[in-house]
Amino acid sequence: MRSIVKTAGAVAITAVIGSLASRDTNSRWYRRLSKPPFQPPASVFPIVWTALYTDVAISSAATIDALNDDMRHIDAAAFERALTVNLILNGAWTWVFFKAHRTGMATLTAAALTVSSADLVRRAAPASTTAAGALAPYAGWCGFATVLSGDIWRRNR
């Protein structure tokens with residue numbers, strides 16, 4: 001796993017950037033939002049995101065390495081670019097939602113993140129069905145986050 005240092009570093013930077021924006025989940029603004037009954041308890045989010053970030057780092061490294069091993073360097077570079085876009089969207093969501101208080105824009109950001117995450121699964125599949133399968137829960141969680149963001153936006157506009 002030659003790429004693990006690179007992917008783990010990129011994911012760690014994303015996690016730190018996102019956590020800086022979401023530190024104040026007890027803000028008056030957030031507490032006053034009407035939230036749907038299917039919103040998980042706050043304690044679930046750090047557990048899920050830690051597992052997903054670990055998964056993204058490992059599965060992405062496995063994909064990049066497999067593509068490079070198969071001499072598919074153009075596909076490996078394309079996966080790296082897609083991962084970069086994905087991590088930018090991931091880190092941006094918390095800033096748009098928690099800092100800018102733009103729930104509608106956060107929903108659009110989450111939707112773009114979901115599409116981007118599904119694209120990572122698609123790009124990983126030819127290189128490693130295992131890595132693609134491991135990335136699928138990330139795309140699923142991002143889809144859930146889109147629905148959750150959308151419902152918060154709908155309830156509070």
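The values are calculated or read from the model by the stated rules, or taken from the named source; none is laboratory data. Everything numeric here is computed off the predicted structure, so don't read it as measured data. Cβ coordinates were reconstructed from backbone atoms using ideal geometry, including for glycine residues, and neighbour counts include every protein chain displayed. Please note that ligands, DNA and RNA were not included when accessible areas were found on the heavy atoms of the full protein model with its side chains. Shrake-Rupley method; radii C 1.70, N 1.55, O 1.52, S 1.80 Å.
A single member of 65, 75 is touching a helix residue (DSSP H, G or I) at 6+ places or on another chain (Cβ under 6 Å), modelled with pLDDT of 95 or more, assigned to a helix (DSSP H, G or I) and of a type outside the set (A, V, I, L, M), and it is 75.
Whether any residue in region 67-82 is over 23 Å from residue 35 (Cα atoms) and under 14 Å from the mean Cα position of the chain (by Cα) is what I want to check. Looking through region 67-82, at least one residue is over 23 Å from residue 35 (Cα atoms) and under 14 Å from the mean Cα position of the chain (by Cα).
Out of 149, 117, one residue alone is within 17 Å of residue 97 (Cα to Cα), touching a residue at least 24 places away in the same chain (Cβ under 8 Å) and hydroxyl-bearing (Ser, Thr, Tyr). It is 149.
Just wondering, is there one or more residues in region 84-100 that are more than 21 Å from residue 9 (Cα to Cα), touching a helix residue (DSSP H, G or I) at 6+ places or on another chain (Cβ under 9 Å), hydroxyl-bearing (Ser, Thr, Tyr) and surrounded by fewer than 22 Cβ atoms within 10 Å (Cβ to Cβ)? No, region 84-100 contains no residue that is more than 21 Å from residue 9 (Cα to Cα), touching a helix residue (DSSP H, G or I) at 6+ places or on another chain (Cβ under 9 Å), hydroxyl-bearing (Ser, Thr, Tyr) and surrounded by fewer than 22 Cβ atoms within 10 Å (Cβ to Cβ).
Conditions (1) among the basic types (Lys, Arg); (2) open to solvent by 80 Å² or more (accessible area, probe 1.4 Å); (3) touching a His at 6+ places or on another chain (Cβ under 9 Å); (4) within 21 Å of residue 117 (Cα to Cα), marked per residue:
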{"residue": "2", "(1), (2), (3), (4)": "yes, yes, no, no"}
{"residue": "11", "(1), (2), (3), (4)": "no, no, no, yes"}
{"residue": "20", "(1), (2), (3), (4)": "no, no, no, no"}
{"residue": "29", "(1), (2), (3), (4)": "no, no, yes, no"}
{"residue": "57", "(1), (2), (3), (4)": "no, no, no, yes"}
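Checking each residue in region 132-157 for being over 16 Å from the mean Cα position of the chain (by Cα), part of a helix (DSSP H, G or I) and not polar (S, T, N, Q) picks out 150, 151, 152, 153, 154, 155.
For residue 103, the conditions (1) closer than 22 Å to residue 121 by Cα; (2) touching a Leu at 6+ places or on another chain (Cβ under 9 Å) all hold with the exception of (1). State all residues of region 45-62 that are under 24 Å from residue 25 (Cα atoms) and either among the small types (Gly, Ala, Ser) or at pLDDT below 95 (or both); if no residue qualifies, say none. Hits for region 45-62 are 45, 46, 51. Residues in region 119-131 that are open to solvent by 10 Å² or more (accessible area, probe 1.4 Å), not in a loop (DSSP other than H, G, I, E, B) and not acidic (Asp, Glu): 121, 122, 123, 129, 130. Would you check if residue 38 is hydrophobic (A, V, I, L, M, F, W, C), assigned to a loop (DSSP other than H, G, I, E, B) and either at pLDDT 95 or above or farther than 22 Å from residue 148 by Cβ (or both)? Against the criterion (hydrophobic (A, V, I, L, M, F, W, C), assigned to a loop (DSSP other than H, G, I, E, B) and either at pLDDT 95 or above or farther than 22 Å from residue 148 by Cβ (or both)), residue 38 qualifies.
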